[in-house]
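Okay, structure first, notes after.
No value in this document is a laboratory result; all are computed from the given coordinates. All values reported here derive from a predicted model rather than from experimental measurement. As a convention, Cβ positions derive from the backbone with ideal geometry for all residues, glycine included, and neighbour counts pool all protein chains shown.
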Amino acid sequence: MLDVEVDCEGDQVLPALHKLSSAKIKSAHPGKYSDGGGLWLVKREDGGAQWVLRVTIHGRRREMGIGNLQSVSLKEARQAAETWRAVVREGKDPIKERDQQRRLAARESYTLASVALEAFEARKSQLKVLGHYPRVPRLCGLFVERTPSLQ
């Protein structure tokens with residue numbers, strides 16, 4: 001939930017979005033800088049900086065890292081923040097959702113074929129010494145091809 005401000009007439013006013021600019025980010029000293037809508041840039045003393053999205057879900061304040069300033073631009077951070085704010089509007093915890101997406105992606109990337117290939121690459125030098133090097137990938141490939149449920 002976004003913090004709501006009240007103007008002098010008692011009307012609710014949403015906080016401004018997109019308060020930061022590229023120039024302001026480059027010249028900023030260590031500290032926390034709000035871009036609005038819960039998106040914050042946290043600059044450290046050592047020169048590093050990261051984007052953090054601050055949201056409240058089910059009465060609990062959560063801070064979710066979006067990425068560091070070198071790898072995530074202002075535009076990308078704003079897009080990511082909007083995506084995760086939409087998740088909050090659905091009543092879901094964005095950190096738990098992100099963790100679930102990562103687990104699913106990791107699960108899908110581990111097939112028997114990929115694990116066999118990784119094991120082969122890790123033991124390649126030992127297999128060369130034993131003389132089994134040329135046969136192993138072919139045997140693994142045949143096994144996986146003949147067992148469709150393992151692909």
message = What value in Å³ per residue do you get for the convex hull of the alpha-carbon atoms in the range 5-104?
response = 129
request  = Arrange Val88, Val72 by Cβ neighbour counts within 10 Å, fewest through most, would you?
outcome  = Val72, Val88
task = Please list the non-local residues whose amide H lies under 5 Å from the amide H of Gly36, H modeled 1.01 Å from N, same-chain partners needing a gap of 5 or more.
result = Lys19
query = Near the amide H of Ile66, under 5 Å away, which other amide H atoms are found, from residues 5 or more places off or on another chain, if H is placed in the peptide plane?
reply = Trp51, Val52, Leu53
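Can you sort Leu104, Leu20 from fewest to most other Cβ atoms within 10 Å of each residue's own Cβ?
Leu104, Leu20
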note = Cβ density ranking, 10 Å radius, fewest first, applied to Asp35, Asp99, Asp93 yields Asp99, Asp93, Asp35
key: In sequence order, calculated HN-Hα J values of the range 44-49 (Karplus, 6.51, -1.76, 1.60; Hz; x Gly/Pro)   = 9, 4, 7, x, x, 8
